[in-house]
Amino acid sequence: MSIKRFTGAAFADVTVRKRWDGSGWVNLAFGRRWNGSGWVDLWSDSGSGGGSGSGGSGSASGTLVSKVSSTISRPTVNYSATYAAARNGTALTVNLTFSAWLNSSASSLGTGVKLTVYARVKGSSSWSSAVIKNTSASWSGTTRHSANLSLSGTISGSSATVEFYVTRSGSTYGGTAGTLGSASKPKSYSFNIS
């Protein structure tokens, strides 16, 4: 990608610095600007970015939240989420892995209860879902149980936000244990991606 400047009569290429990334020379980041919600590269190494703040391409992974607990009824169910995200311009994909476990080694959540995780990239109109506990499963102690979700959305700047909540269906034994947030008031966590 070439950078240009106005000389007074025409646009001319601006010399840019490069670095060796182990397999080839790539342009060094030219600068960043504030877009109202976060800092974005004025252009990116990949060449798909630009003054428009499209952000080029990049990836990020890590822990979205290490522990958040259901607060309604007992037994208490804890949730964590890790992510692996990739962007191409303003298009964002996020793979989430949710884990759930009971708060106490003496706790149990028996058959007949179904827990479903709903998640989306903030700003997306639809939720993706995954069952983290089937009605046929019986949980006891602090064993962790997992579910995976793939999300897509758009990103402006370098910060993305994932929203999620957990619903319960099936047996009413134990009240509403395991529920977390709601579609109107989901849990919300952000991460940065170049």
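The values are calculated or read from the model by the stated rules, or taken from the named source; none is laboratory data. Being a predicted model, the structure only gives us computed values, none of them experimental. We place every Cβ from the backbone using ideal geometry, glycine too, and count neighbours over all the protein chains shown.
Of everything in segment 63-78, what is surrounded by fewer than 17 Cβ atoms within 10 Å (Cβ to Cβ), touching a residue at least 24 places away in the same chain (Cβ under 8 Å) and within 14 Å of the chain's Cα centre (by Cα)? Give them in sequence order.
65
Applying the selection to segment 98-107, what residues are surrounded by 15 or more Cβ atoms within 10 Å (Cβ to Cβ) and not aliphatic (A, V, I, L, M)? Even if it seems obvious, please write down each step before you answer.
Our first condition is that a residue be surrounded by 15 or more Cβ atoms within 10 Å (Cβ to Cβ); within segment 98-107, this holds for 98-103, 107.
Selection gives 98, 99, 101, 103, 107.
From the list 60, 81, 86, pick out the single residue that is modelled with pLDDT of 95 or more, outside any loop (DSSP other than H, G, I, E, B) and either touching an Asp or Glu at 6+ places or on another chain (Cβ under 7 Å) or surrounded by 17 or more Cβ atoms within 10 Å (Cβ to Cβ) (or both).
Exactly one residue qualifies, and that residue is 81.
For segment 133-144, enumerate the residues that are within 20 Å of residue 81 (Cα to Cα) and in contact with a Ser or Thr (Cβ under 7 Å, 6 or more places away or on another chain). I'd like the intermediate steps shown before the answer.
Going through segment 133-144, the residues within 20 Å of residue 81 (Cα to Cα) turn out to be 133-134, 139, 141-144.
139, 141, 142, 144, listed by residue number.
I'm checking my understanding of the structure. Among residues of segment 117-146 that are in contact (Cβ under 8 Å) with a residue 40 or more places away in the chain and crowded, with 18+ Cβ neighbours inside 10 Å, which one is nearest to residue 93 (Cα to Cα)?
Looking at the filtered set, the residue picked out is 121.
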